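A.B. asks: My structure is below; once you've seen it, I'll send some questions.
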Amino acid sequence: MKFSLIKANELDASLTTQWAALRKHDLVYESPYYAPVFSTIVAQARADARILLCEDAGEIAAILPFHALGKFRAISIGDFLADYQGPISRPGLDMPFGEMLAAMQCRHFGFNHMPVGLGKFQQYAWVHSQSHILDLAAGFDAYAQRLAEQRDASLLKKVATNERKLSKKHGELRFELQSGSHADYLALLAGKSEQFQRTVGAEHDIFKRDWVRQVVDEIRLSNSPDFAGMLSTLHAGDALIAAHFGMRSDKVLHYWFPWYDTAFAEFSPGLILLAQSARHAAQIGIQSIDLGRGDQAYKLRFATGAHQLCEGAISSPSILGKMQAGVYQAKQVLKASSLGQYLRKLRQTGK
């Protein structure tokens with residue numbers, strides 16, 4: 001097995017073709033995060049983007065895009081923006097992690113959205129999670145039937161009732177799955193920034209980071225059959241009351257940045273937006289909507305499946321990863337404690 005390291009801007013047509021072929025080996029690779037375009041866009045915004053090539057028997061057997069954070073540490077491409085991480089590889093490939101780290105020129109590779117089953121990364125995980133999905137492969141009606149059987153039989157009926165009430169009070173509803181409105185795009189980003197600042201603090205407003213804004217802007221301008229940005233909007237009369245920005249491959253829509261105007265909260269506009277997105281996405285051939293990691297209430301209510309993920313690190317020496325795992329577990333204990341809840345309340349109130 002042979003490893004080689006290139007800068008992301010050295011990705012050529014031949015490697016892109018081989019990358020596309022490797023994506024066909026696993027359904028999880030249908031996520032737009034595994035498209036070469038995503039890595040290319042991130043690389044344009046961050047000079048630390050690299051691509052590790054793994055060659056076996058004279059063929060490219062795996063491709064791992066990542067960020068080289070100095071001489072000792074590396075993380076997956078996209079950093080905290082990446083809801084899916086890890087190598088794009090052929091089935092059953094057993095990459096020697098020690099050689100892999102040496103080729104990456106680092107001692108520590110951290111991951112937090114690694115699909116379970118990709119290589120042996122799970123052996124180095126210290127926590128597991130899941131990314132909830134809406135299965136639209138058989139169409140929206142089949143999804144709605146499965147949702148009624150598995151979750152809440154009245155959910156979509158409640159959404160429809162809220163649509164009627166909202167329309168009656170504030171004007172006719174208008175939904176666009178793929179909006180070209182720049183004004184609505186800016187309104188969404190402003191709304192998400194306000195949400196970040198209100199809920200987790202101004203220092204966690206990711207849209208204030210130049211590279212994040214560049215990546216999101218470039219994704220919005222992308223429009224190919226296998227990768228495109230997608231801005232979806234919901235208006236009541238002339239008012240924008242909810243919007244979502246995400247990205248899609250030919251089969252998967254990744255639900256990334258949803259927002260709604262809290263002045264309309266009584267009508268649950270976020271749920272209306274997601275239900276409409278599912279209905280219209282199924283009509284253009286989208287087979288699943290991935291809601292990303294986390295167990296927020298709306299995800300649990302709408303999901304009919306999930307991808308299993310894990311978080312951890314591989315390192316050389318291995319004690320580095322074990323130390324990080326210990327720190328992570330200590331933080332989780334603090335968060336769950338009364339002291340952690342008190343500190344979190346202080347941060348949110350600013351007192």
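The values are calculated or read from the model by the stated rules, or taken from the named source; none is laboratory data. Since the structure is predicted, the reported quantities are computational estimates derived from the model, not experimental observations. Glycine gets a Cβ as well: all are built from the backbone with ideal geometry, and neighbour counts include every protein chain shown. Heavy atoms of the whole protein, side chains included, go into the accessibility calculation; ligands, DNA and RNA do not. Shrake-Rupley method; radii C 1.70, N 1.55, O 1.52, S 1.80 Å.
A.B. asks: Taking region 125-154, which residues are outside any strand (DSSP E or B), buried (at least 17 other Cβ atoms within 10 Å of the Cβ) and touching a Phe, Trp or Tyr at 6+ places or on another chain (Cβ under 8 Å)?
C.D. replies: Within region 125-154, LEU136, LEU147 qualify.
A.B. asks: Can you name the residue in region 22-52 that is open to solvent by 50 Å² or more (accessible area, probe 1.4 Å), part of a helix (DSSP H, G or I) and among the aliphatic types (A, V, I, L, M) and is also nearest to GLN214 (Cα to Cα) among such residues?
C.D. replies: In this case the residue turns out to be VAL37.
A.B. asks: Which residues, counting only those in region 75-92, are open to solvent by 10 Å² or more (accessible area, probe 1.4 Å) and of a type in the set (Val, Ile, Thr)?
C.D. replies: Within region 75-92, ILE75, ILE77 qualify.
A.B. asks: How many residues are part of a helix (DSSP H, G or I), in contact with a helix residue (DSSP H, G or I) (Cβ under 7 Å, 6 or more places away or on another chain), touching a residue at least 60 places away in the same chain (Cβ under 8 Å) and open to solvent by less than 50 Å² (accessible area, probe 1.4 Å) if we restrict to region 190-216?
C.D. replies: 5
A.B. asks: Scanning region 70-105 for residues that are in a loop (DSSP other than H, G, I, E, B) and either in contact with a Gly (Cβ under 8 Å, 6 or more places away or on another chain) or of a type in the set (Ser, Thr, Tyr) (or both), which turns out nearest to LEU53 (Cα to Cα)?
C.D. replies: Looking at residues that are in a loop (DSSP other than H, G, I, E, B) and either in contact with a Gly (Cβ under 8 Å, 6 or more places away or on another chain) or of a type in the set (Ser, Thr, Tyr) (or both), I get PRO87.
A.B. asks: Shifting gears a bit: Going through PRO87, PRO65, PRO91 one at a time, which residue ends up being more than 20 Å from the chain's Cα centre (by Cα) and within 28 Å of LEU253 (Cα to Cα)?
C.D. replies: Only one candidate passes the filter, namely PRO91.
A.B. asks: Name every residue in region 155-178 that is closer than 28 Å to GLY285 by Cβ and either loosely packed, with under 13 Cβ neighbours inside 10 Å or of a type in the set (Phe, Trp, Tyr) (or both), in order of residue number.
C.D. replies: Pass one, region 155-178, residues closer than 28 Å to GLY285 by Cβ: 155-160, 162-163, 172-178.
If the condition is that a residue be closer than 28 Å to GLY285 by Cβ and either loosely packed, with under 13 Cβ neighbours inside 10 Å or of a type in the set (Phe, Trp, Tyr) (or both), then LYS157, ALA160, GLU172, PHE175 are the ones that fit.
A.B. asks: Hey, another quick one. Could you check, for region 8-19, whether at least one of its residues is under 23 Å from ILE133 (Cβ atoms), open to solvent by less than 50 Å² (accessible area, probe 1.4 Å), in contact with a helix residue (DSSP H, G or I) (Cβ under 9 Å, 6 or more places away or on another chain) and not polar (S, T, N, Q)?
C.D. replies: Looking for residues that are under 23 Å from ILE133 (Cβ atoms), open to solvent by less than 50 Å² (accessible area, probe 1.4 Å), in contact with a helix residue (DSSP H, G or I) (Cβ under 9 Å, 6 or more places away or on another chain) and not polar (S, T, N, Q), one finds none in region 8-19, hence no.
A.B. asks: Return the residues of region 217-249 that are buried (at least 16 other Cβ atoms within 10 Å of the Cβ), within 24 Å of TYR29 (Cα to Cα) and aliphatic (A, V, I, L, M); say none if nothing qualifies.
C.D. replies: Answer for region 217-249, where residues must be buried (at least 16 other Cβ atoms within 10 Å of the Cβ), within 24 Å of TYR29 (Cα to Cα) and aliphatic (A, V, I, L, M): ILE219, ALA228, MET230, LEU231, MET247.
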